[in-house]
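Okay, structure first, notes after.
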Amino acid sequence: MDIKTITMLSIGTGAMLVLIAILMKCYKVVVWKSVPVSLLLTVAGTIGTYIWYFVETSYFSGRSYYGAVFLVPLMFVFVAKLMRIPYDDLMDFCAPAECIMLAIMKYQCLTEGCCAGKVLYILENGDPKIFPSQMVELINAFSIMAVLMLMCFSKKYRGKIYPWYMVIYGSTRFVLNYFRETEPLLIGLPAGNLWSLVAIVIGIMWIKDYQIKIIKKEKNERLDSACEENESST
């Protein structure tokens with residue numbers, strides 16, 4: 001990892017710290033915990049991107065963002081216990097914070113020239129007009145972050161922000177990936193499209209599972225209340 005990447009990750013960690021601190025205050029979680037959570041998110045997310053790139057290519061020479069999307073929820077099961085923060089709340093904090101990591105990766109792609117867009121058409125002078133893939137995806141990252149932050153402030157979506165993040169990012173990335181220079185990875189799909197479909201499916205299943213748990217909890221609470229009323233009446 002070069003000094004430029006370390007510098008960008010440090011800046012990103014600082015931005016994530018501020019964002020997570022704001023959300024922790026909103027969720028009534030002790031704000032100082034935003035420091036270790038931000039650091040651990042950067043470490044876990046970075047490791048995840050390298051692992052996922054290895055899964056795709058058998059090399060550790062690059063990063064694949066979906067590694068952070070898929071592996072952070074697994075790694076943070078232990079972080080939630082360590083920090084004594086409800087897991088669903090912790091993942092709510094991670095969702096918009098990960099978008100900062102995505103924006104950093106897209107900025108690096110923009111400056112280094114990787115993840116280039118497809119040629120849209122040829123100009124009269126013979127120069128190709130290329131889709132600005134890196135810039136569009138960078139803007140997409142910040143747009144998703146803004147949407148997720150608004151969802152966090154609405155109690156209606158609390159506890160399921162991360163699966164919504166997987167659905168939203170997966171959907172937008174699936175479309176945008178068709179405007180990038182890609183090669184098939186599996187079943188004729190490029191890696192970005194394949195992982196996008198996986199993210200969407202996991203996100204939908206996660207949301208449905210959460211809703212089922214809420215319904216069961218409410219049902220049990222009604223049964224307990226009914227039992228208490230019967231006991232008091234007798």
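For Gly203, the requirement of being within 26 Å of Leu138 (Cβ to Cβ) and among the small types (Gly, Ala, Ser) is met.
The residue that is farthest from Asn177 (Cα to Cα), counting only those in region 194-213 that are at pLDDT below 90 and not aliphatic (A, V, I, L, M), is Lys213. Output the residue which, of all residues in region 42-68 that are among the aliphatic types (A, V, I, L, M) and in contact with a Gly (Cβ under 6 Å, 6 or more places away or on another chain), is surrounded by the fewest Cβ atoms within 10 Å (Cβ to Cβ). Checking each candidate, the answer is Ile51. Taking region 98-115 as the range and being among the charged types (D, E, K, R) and modelled with pLDDT of 90 or more as the test, the residues that pass are Glu98, Lys106.
Scanning region 1-40 for residues that are in contact (Cβ under 8 Å) with a residue 60 or more places away in the chain and under 17 Å from the mean Cα position of the chain (by Cα) turns up Leu9, Gly12, Ala15, Met16, Leu19, Ile20, Leu23.
Val79 meets all of the listed conditions (1) free of Cβ contacts under 8 Å to residues at least 24 places away in the same chain; (2) surrounded by 16 or more Cβ atoms within 10 Å (Cβ to Cβ) but one, namely (1). Can you confirm whether Leu71 is under 19 Å from Ile22 (Cβ atoms), touching a residue at least 12 places away in the same chain (Cβ under 8 Å) and assigned to a helix (DSSP H, G or I)? No: the conditions fail for Leu71.
Filtering region 121-140 to residues that are free of Cβ contacts under 8 Å to residues at least 24 places away in the same chain and either surrounded by 11 or more Cβ atoms within 10 Å (Cβ to Cβ) or not acidic (Asp, Glu) (or both) leaves Tyr121, Ile122, Leu123, Asn125, Gly126, Pro128, Lys129, Ile130, Pro132, Ile139. Taken over region 177-201, the residue count meeting the criterion of being buried (at least 18 other Cβ atoms within 10 Å of the Cβ), part of a helix (DSSP H, G or I) and in contact (Cβ under 8 Å) with a residue 12 or more places away in the chain is 8.
The values are calculated or read from the model by the stated rules, or taken from the named source; none is laboratory data. In this text the structure is predicted, and so the values were computed from the model without any measurement. A quick note on method: Cβ atoms are made from the backbone with ideal geometry, for glycine too, and the neighbour counts reach across all protein chains shown.
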